[in-house]
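Student: Next up is a structure, given as structure tokens.
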Amino acid sequence: MLSRMKKRFTFSAPLIIAGSFLCLISLGTILLKLPIATTTDISWVDALFVATSATTVTGLSVFDPGTTLTLFGELVLLFLIQCGGIGLMTFAVAVLILLGKKIGLQHRIYLQESFSLESIGGIVKLTKLILLFVLSVEALAIILLTLHWIPAYGFGDAFYFSLFHVVSAFNNAGFSLFPDNLMGFTNDPIVTLLLSSLFIIGGLGFVVVVDIFQKKSFHSWFLHTKLMVVGTIGMNIFATIIFFLLEYHNTETIGTMGLFEKISTSYFNAVTPRTAGFNMVDYAQMEDASLLFTMFLMFIGGGSASTASGIKLTTFIVAILSTLAFFRYQEEPVLFGRTIRKETIIRSLAISTVSLMIVFLFTFVLTISERLPLLPLMFEVFSAFGTVGLSMGVTSQLSDVGEVLICIVMFLGRIGPLTLFFILTKPKKVNYRFPYEQVFTG
């Protein structure tokens, strides 16, 4: 009888991961609604929105965190960002490791699902390496940024600003304590390079970072690591050139800047949509072509098992390679001397299709519930799904219904469309196959 009850209440790893995010969002909502968390009273919907945005490391906000939140509220926000970035399950296992507790099989399965690994072998050791890496990188960045900001803000404020922005950047959150986000630092190469490096590293994926450190040679890296590193470098260079060319004469963004400032700001605009959310220009003033390209970057996102979201860069690359293989009459795409499995191709196509459907559906519903132009609403949905946090300035104009809808998009973007699919369905293995028949396509 006891064993039957145990079976009945055994939850799948995807459900536990999604549930952990919902629990953290609920806790954050309650804490942010406390009178000691804000300087002015905020509604429950606003508290839910910001808690969801922080937990899913998005960065969208219906109010200015630097002026609306108290020190307690900002620390709550920081806690939600850090837990949401590395994953609550990883955080829970870290606590167990610190307490000297044994990590059971169930926890190992949850970690396997969180890091998108094929097996649970060495998962605890990997978790320890990831936590050590996260703390080391954040600590070093806090020291460097504090030293840089001491002349302007004094030691106390410089340290606190550095702590907040480093955690926000590394976890790809995009929350800032400055009213204009990072628009005041367009001519500051230290801030530009340091913070962008943090969210690029965080967006690569923890497994990729560990693989790079453990294997010094490019040829010995996993194919996934090679795709992420080469793809990230290529995408960042390409996007920087595109933004530089599109915005070069736009006086509302980079048109009045010097050449070096134009290049550095274009670089920042190129890397931040995947998926950091910091901004150095007013996106409402950007060219339409730049906005469409930004949505494209937000939809792609960062790497698997990282602090970033979107469909993931490797998903996009596999879809492109599969298309090229089809035109070359190849059964399976080959890259770096390795063949990509059909299961991976189908998974990539499924993720892309479901993600497009989610973005289209919520954009459609928001055009009904909100009295706002289509482009800003579409931009908001892409930003929410990619958990980016960039906005054309319409976040604070959303109705309560609109805020809840964006909350759902942020949640779906963070847990991933396939995680949702596995929660809602029970895949059944069948031992038979129906006969083939031709279906005309194209």
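The values are calculated or read from the model by the stated rules, or taken from the named source; none is laboratory data. These numbers were taken from a predicted model, which means no experiment stands behind them. Heads up, the Cβs are rebuilt from the backbone with ideal geometry, glycines too, and the neighbour counts pull from every protein chain shown. Ligands, DNA and RNA are stripped out before the accessible areas are found, and what is left, the full protein with its side chains, is counted by its heavy atoms. Shrake-Rupley method; radii C 1.70, N 1.55, O 1.52, S 1.80 Å.
Student: What figure, in Å² to the nearest 10, do you get for the accessible area of residue 221 with a 1.4 Å probe and non-protein molecules left out?
Tutor: Around 40 Å² of this residue is reachable by solvent.
Student: Hey, can you grab everything whose amide H is under 5 Å from the amide H of residue 335? Only 5+ residues off in sequence or another chain; H modelled, so Pro and N-termini drop out.
Tutor: Amide H neighbours of residue 335: 340.
Student: Whose amide H sits under 5 Å from the amide H of residue 38, counting only residues 5 or more places off or on another chain, with H placed in the peptide plane?
Tutor: When sequence neighbours closer than 5 places are left aside, the close amide H contacts are 70.
Student: Here's something else I'd like to know. Using each residue's phi in segment 161-168, evaluate 6.51 cos²θ - 1.76 cosθ + 1.60 at θ = phi - 60° and report the 3J(HN,Hα) Karplus result to the nearest Hz, with x for Gly and Pro.
Tutor: 4, 5, 4, 5, 6, 5, 4, 5
Student: Before I look further, what does segment 199-353 give for accessible area per residue, probe 1.4 Å, in whole square angstrom? Walk me through the numbers on the way to the answer.
Tutor: Values: 7040 Å² over 155 residues.
Accessible area per residue, segment 199-353: 45 Å².
Student: Which of the residue pairs 128/342; 215/342; 226/342 have a Cα-Cα distance greater than 25 Å in the structure shown?
Tutor: Numbers: 128/342 33 Å; 215/342 27 Å; 226/342 19 Å.
The pairs that break the limit, which is 25 Å between Cα atoms, are 128/342; 215/342.
Student: Determine the share of segment 170-249's accessible area contributed by carbon and sulfur atoms, expressed in whole percent, with a 1.4 angstrom probe. Before the final figure, lay out the partial values.
Tutor: On the way: 2500 of 3360 Å².
On segment 170-249, the fraction of accessible area on carbon and sulfur atoms equals 74 percent.
Student: While we're here: Accessible area of residue 128, 1.4 Å probe, to the nearest 10 Å²?
Tutor: Near enough 110 Å² of accessible area.
Student: Do you know the relative contact order of segment 177-294, to the nearest whole percent, from alpha carbon pairs under 8 angstrom that are 6+ apart?
Tutor: Details: 108 pairs, mean separation 38.1, N = 118.
Dividing the mean separation by the residue count of segment 177-294 yields 32 percent.
Student: Of 211, 288, which has the most accessible area and how do the rest follow, probe 1.4 Å?
Tutor: Details: 211 5, 288 95 Å².
Greatest to least solvent exposure: 288, 211.
Student: Determine the share of segment 254-321's accessible area contributed by carbon and sulfur atoms, expressed in whole percent, with a 1.4 angstrom probe. Working shown, then result.
Tutor: On the way: 1120 of 1770 Å².
C and S fraction of accessible area: 63 percent.
Student: At residue 367 and residue 320, where each label point lies 7 Å from the Cα along Cα→Cβ, what is the point-to-point distance in nanometres?
Tutor: Output for this residue pair reads 2.8 nm.
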